[in-house]
Structure formats: C-alpha cells, structure tokens
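Undergrad: Okay, handing you the structure first.
The values are calculated or read from the model by the stated rules, or taken from the named source; none is laboratory data. Keep in mind it's a predicted model, so treat the numbers as computed, not measured. Positions of Cβ are backbone-derived with ideal geometry, glycine not excepted, and every protein chain shown enters the neighbour counts. Only protein heavy atoms, including side chains, enter the accessible area calculation; ligands, DNA and RNA are left aside. Shrake-Rupley method; radii C 1.70, N 1.55, O 1.52, S 1.80 Å.
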Amino acid sequence: MGFLMLNDSFKRLLELVAVNGKIEGRKRFQKLVYILKQKGFDFTEKYTYHYYGPYSATLQMEIDYLVDSGLLREEQVGETYEYTLSEEYHELEGIFDHHKDLIKILNDKPARILELISVFFYLEDKGYKDVDIIKKKTAILKPELRDDIERAFKEYLKIKNYSIN
Amino acid sequence: MKKVFRDPIYNLIAFDKEKDLLLLRLIDTTEFQRLRRIRQLGVSWITYPTAEHTRFSHSIGTAFLAGKIFDKLELNIADNLNDEDGEHTLSRDQLKLLLQTTALLHDIGHGPFSHAFETVMDQNHEEWSVKIITDKSTHINQVILADDKELDEVIPYKIRKNFPKWICDILNGVFDLHYIKEIISSQLDADRMDYLLRDAYMCGVKYARFDLDWIINNLNIGEIKHENNRKGIIVNAEKGIYSLESFIISRYHMYEQVYFHKTTRAAEKLIQAIFMRLKYLVDNKEEEKIIPREDTILALLNKDSISVQEYLKLDDFLLITYIKKWSEESEDKILRHLCSNFINRNPHKLVSESEDNLFTGEEWESVINFFREKQLDYKYFYVIDYYTDVPYKNDYLFGKKTSEDAGHIWLKDNKGKLTELAEASDIIKSLRNNIKKKTRVYCDRKFYKELKEIMGG
C-alpha cells in the first residue's frame, strides 16, 4: 500500500487505540477523547451534551468509518463494542507515546467514573466554577451515578492537575 | 394584540404583543437582525437557485414550533430549578417563555457560510451563541436584563435575570429540566421539524412531507424508564408511528438530496480551500498579498481571540464581498483563482464516489505527483469529502441501534409500554441497518481531464 488518504482526525484516533491496545466500549472511547481534548490535546471533534454526558456524533461516525474501512477492528462482547487496531494500518507515528501514563490512568478507570469526570470537565468548560454547584448539577444530570460523585471528583482533580508537558 | 409574521410553512406566525413582548424585542435586536444576512443552508444556493432563506426565518419558525409543542405537554409544574441564588419554581407561562426565547436564539452564534467557515476557522457557533447571550455588550443581553416595567409584568426581573444562564444551560444540554432541552435539541425537536420543512420548501424539492400537526398533537411528556425515569418527550404509539416514519424518511431524503448534495459539498470544499489558502498566506508572512485585508478574518486565521462585537461583523454579505474583491485584487494567484471559481459558480468536480470505502494506494500517489510536477500544493485542488464532515448528521439512521449512544424516539402504547421507534417500525429498522454512507473525491475543474486520465477513468 502506498499513501493512505486519511485526514489527521482519523490518524489521531488510530494512534489513540494503538497506545491503549484496546478500548472497551463506545462510551469509553467518547469520554477518553473528550477528556484528552479538555487536557489540550488537539482533537477537533465537536462535543455536545447527550444523555450519557459529552458526546460527539462526529467521533462516532469517524470510528464507524475506520471500522468500515478495515483499519479498526470492532468486536461486540455482550453489550459492549471493543476496539483494536487491525493489521491493515502500518503508519503509526507514536504521537501519544509521551503521554502513555496519563492515557493509561484514564483507560484504567471504570466507564462510569470516566463518564462523571467528563461531566465535570464539561460543566467547568461551560462556566460552572463552584465545586458544590458542579456536584449538585451532576447529581441532577446523572442520578444513577450519585454515589460515585465524590470519588470521581477527586479523580477529576488529579487529572485536571496532571501536567502533560 | 398580535404581531403577525407571514410564513410560507405555517402561513401565519402570531406573537402576543404583551405575553410575547420579550420575544418581539429580541427579534428587533441588532444581533437577531444579523441573522437575515446568514443563509440557512450555507452555500446550497449554488445547487438550488431558490435556497436563499436565512437563519432569521428559521429561528422565528423554531420559536413558534417550540411554543406549539410546549402547549401540548401535560405538565405538572413542580419541577424546581436549582441555582446559585437558590431554588426557583417557574410558572407554566414563564417556562414557555424561557423555552421560546431559547428557541429563538438557538442559532444566534452562526457565522458566515455556517459549517464550511466553522470547520476551517476552528470556530464553534454554539460557543458564540453563549457569548452573544451573556456578553454585556450585546443588545440581546441588554434587552433580557432591561430595567423595564412592561417586561416585569410578563416576567419579573428576579426570574428574568437568570434567563441568560438558563438559556445557555439549555443550549449546552445541562438544564435541570431535560424535556425542555429535548424540545429544542433531540431526535424529534422543533429545530429539525422547522428546518426540514423550510429547507425542502425553499429548495423547491418535494421531499420533506410529514404530518407536522399530527406529530405535535400526539406528543406528550412521560417518564422514560430506560433512562432512569427522567421526564422526556414521548409519542402516542398507535397514533403517531406513521407520521414519525415519514418524519425520519424526510430526514433521510433531505440528507441525501440536499444536505449531502454533491454540488453543495463541492462548493463547501471550495470555500474551505479559500480559507486554507488565506491561512497559508498568513502563516507564511505573505498576508500583504491578501488585498483588500479584512482584520477580523485575519485575526481569526492568526488564532487571535476576537471580541463578540468583532465576531458579529461577520456575515455572508461581508464574506462574499471580500471573496469577490480577492478574486480581482489579491496578489496571490491561487487565492484569485479559487475566489473567482466561487464567484463564477465553478465548484470542484466530482472525481469518484464510494460507499464505506477508503481511498488508498497508487492512485493517490500519482495524484500527488501530478500536482508536485506542477509545483502546486494538491490540498486546494484535490479534496476528500467524508460523510463524517456533514453538518446535518443523520445520526439517528447512522447510529447503531444496539449501542449505548443510539438516538431515541420513544413511543408509548395504550398499556403504557415504551418502545423505541426503530424497534416498533420495520421500515425505520430496515433503513437504519441498510443506510449507505458515501465518501467522495473532488478536484478543481481545471485539472479534471488530466486527472481522470492519470486515474484511468
């Protein structure tokens, strides 16, 4: 294969899967990209707030495109879709190699904690400053995850203060 | 007393001069009037000669429909809103006004050529909407927060002062009452219903024909068991299913025939090429070749932050004026060429189209070599259009039905059971599972023949 005609957004996603080895779940994929974007990584996918928190329809379509193209492998395990890189892609540049630690910290967390962390990032981005109000608002938006809010907020602060330089 | 707007979709749109005073005042603001200079469908007029309608008429239509939907909901207003200054309980009329104000302003941050401009300039119209509503310099913000007895009678200041924040919460999707957000933005919302009908009418296509009044008549609010019993919009299953099918099919047809039309997409790619060239000139210290200069655009290309007032200067009229001037006066040959292609309706030409397929290999290599020999950067003249780039994403039909993120339209039968539309309807199910996703390659017409030969077409 000669040149591969892929834009940078697609390449970044393939790199992200590569550095993780595997991404378990579409929700996890969404939240990982969102949190990294909030940390200043140059993902360009536009996010809006959906039922499960920040969500990018563009990202979802890009993932589907990569699957349709045979570059990403998608496997359904129970109710979850798992993503791994296929053998078809040979152009890894290792753009996230310097940030393996942060990405591993994120990917090791349960999906519901990632979901809450991304909600905190979202609310902060939308102008919410007061910690108590952020938690209260999150409890309204995510009643089913109410019990995890305190724990997730501590994790969120760690991620927020994690230096990526 | 009513203020009545004539409208080709709903015939008459009436606002009450007392109850809807805030809406009428907002329509008269500088920022809302600017929407008259932003076309609803970006550059679709290149394809459809009459697609000249603007965000102005769509915004008024959306506010009208949002009100109609709200009137159908059997609300039990005990839902409190939490805020920094305590809890608020809004009356039914106050909540309706908040909803309609949000509907009216939902597109206020759109820039020129909407999507094409946003992508390449890295701008986000939702973020600009929030800034325009909350920035004290705007007429909109001043109208909402005005010290005004007439307005106080409709909506007292102590409630009204929270409007900017609540409107932004609704637009950002984090308002406490989820169903309010759903009326403006969901798989079945006032925004979509208005733009499908209006865009079809204004393009002169006979696709989007769905029974709007019947859908609205069969809407209500209900608890969604599958989503933690939150309150959301539901549709009467027995009565609503057929008109919902035609609504989804309308979206499908409009997507294929209008939003993803090959010529429209080509024109958007040409606009993007123009901005990529401008960016190149700015990045390479050749910006003096951009004649005449336009400071706000140059600032955006430079990634400088600009004020709300500067952003508001941008509209379709201004950009088209500059593109016309650049096509004649610019000292950069490529910029002149691209701008003149736009002014003379000479969009890129479709080279190939494929379904679920990636363009790879030798073909691509020879294309790059072709432009390299001419000492041209291919990116202005040879572009891919991924379906992932389309502004009006068909995320309901493109979604995976088994996935956690699939879009939902909930139907409720007379026994109270909830079913998702794609489960209840074989037509929608089959459409969802068989939809074709296209990716296209375009090139500048000037090189079309030669490139086709290289590619053996």
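Undergrad: Would you please name the residue that is farthest from the other protein chains (Cβ to nearest Cβ), looking only at residues in the stretch A:4-38 that are part of a loop (DSSP other than H, G, I, E, B) and open to solvent by 30 Å² or more (accessible area, probe 1.4 Å)?
TA: Here the residue is A:GLY21.
Undergrad: Any residue at all in the stretch A:75-92 that's in contact with a Phe, Trp or Tyr (Cβ under 9 Å, 6 or more places away or on another chain), within 11 Å of chain B (Cβ to nearest Cβ) and either open to solvent by 40 Å² or more (accessible area, probe 1.4 Å) or assigned to a helix (DSSP H, G or I) (or both)?
TA: no
Undergrad: Tell me which residues, restricted to the stretch B:249-293, are of a type outside the set (Asp, Glu), outside any helix (DSSP H, G or I) and open to solvent by 10 Å² or more (accessible area, probe 1.4 Å).
TA: Let us first name the residues in the stretch B:249-293 that are of a type outside the set (Asp, Glu), namely B:249-255, B:257-267, B:269-282, B:284-285, B:289-293.
Narrowing further to those that are outside any helix (DSSP H, G or I): B:260-261, B:284-285, B:290-293.
The answer is B:HIS261, B:ASN284, B:LYS285, B:ILE291, B:PRO292, B:ARG293.
Undergrad: Pick from A:ILE103, A:ILE133: which is within 11 Å of another protein chain (Cβ to nearest Cβ) and open to solvent by less than 50 Å² (accessible area, probe 1.4 Å)?
TA: Going through A:ILE103, A:ILE133 in turn, the sole match is A:ILE133.
Undergrad: Still on this structure, please answer the following. Could you please give the count of residues in the stretch A:65-74 that are within 7 Å of chain B (Cβ to nearest Cβ), crowded, with 19+ Cβ neighbours inside 10 Å and within 13 Å of B:THR388 (Cα to Cα)?
TA: 1
Undergrad: If you scan the stretch B:125-143, which residues turn out to be β-branched (Val, Ile, Thr), more than 10 Å from chain A (Cβ to nearest Cβ) and surrounded by fewer than 23 Cβ atoms within 10 Å (Cβ to Cβ)?
TA: Correct list: B:THR138, B:VAL143.
Undergrad: Determine whether the stretch B:426-439 contains at least one residue that is among the aliphatic types (A, V, I, L, M), at pLDDT below 75 and part of a loop (DSSP other than H, G, I, E, B). Steps first, answer last, please.
TA: Step one: list which residues in the stretch B:426-439 are among the aliphatic types (A, V, I, L, M), which gives B:427-428, B:431, B:435.
Remaining after also requiring at pLDDT below 75: none.
Checked the stretch B:426-439: no residue is among the aliphatic types (A, V, I, L, M), at pLDDT below 75 and part of a loop (DSSP other than H, G, I, E, B).
Undergrad: For the condition at pLDDT 95 or above and outside any helix (DSSP H, G or I), what is the one hit in B:ALA200, B:ALA146, B:ALA208?
TA: On inspection, the qualifying residue turns out to be B:ALA146.
Undergrad: How many residues does the stretch B:146-174 hold that are within 14 Å of another protein chain (Cβ to nearest Cβ), touching a residue at least 60 places away in the same chain (Cβ under 8 Å) and open to solvent by less than 10 Å² (accessible area, probe 1.4 Å)?
TA: So the count comes out to 3.
Undergrad: Name every residue in the stretch B:211-238 that is open to solvent by less than 40 Å² (accessible area, probe 1.4 Å) and either part of a helix (DSSP H, G or I) or over 30 Å from A:LEU145 (Cα atoms) (or both), in order of residue number.
TA: The answer is B:LEU212, B:ILE215, B:ILE216, B:ASN218, B:GLU227, B:ALA237.
Undergrad: Of the conditions (1) modelled with pLDDT of 90 or more; (2) surrounded by 15 or more Cβ atoms within 10 Å (Cβ to Cβ); (3) at positive phi, B:GLN375 clears all except one; give me its number.
TA: B:GLN375 satisfies every listed condition except (2).
Undergrad: Could you grab the pairs with beta carbons closer than 6 Å, sequence gap of 6+ or different chains, first residue in the stretch B:365-391 and within 13 Å of chain A (Cβ to nearest Cβ), second one among the small types (Gly, Ala, Ser)?
TA: Pairs that qualify, where the first residue is within 13 Å of chain A (Cβ to nearest Cβ) and the partner is among the small types (Gly, Ala, Ser), are B:GLU365/A:GLY2.
Undergrad: When you scan the stretch B:1-24, how many residues do you find that are part of a loop (DSSP other than H, G, I, E, B) and farther than 17 Å from B:THR102 by Cα?
TA: 6
Undergrad: Looking at B:ASN172, B:ASN141, can you tell me which residue is out of contact with any Pro (no Cβ under 8 Å at 6 or more places or on another chain) and modelled with pLDDT of 95 or more?
TA: B:ASN172
Undergrad: When B:THR296 is evaluated against the numbered criteria (1) more than 14 Å from chain A (Cβ to nearest Cβ); (2) open to solvent by 10 Å² or more (accessible area, probe 1.4 Å); (3) over 25 Å from B:TYR386 (Cα atoms), which criterion, by number, is the only one it fails?
TA: (2)
Undergrad: So, in the stretch B:405-425, how many residues would count as being assigned to a strand (DSSP E or B), more than 14 Å from chain A (Cβ to nearest Cβ) and hydrophobic (A, V, I, L, M, F, W, C)?
TA: Matching residues across the stretch B:405-425 total 2.
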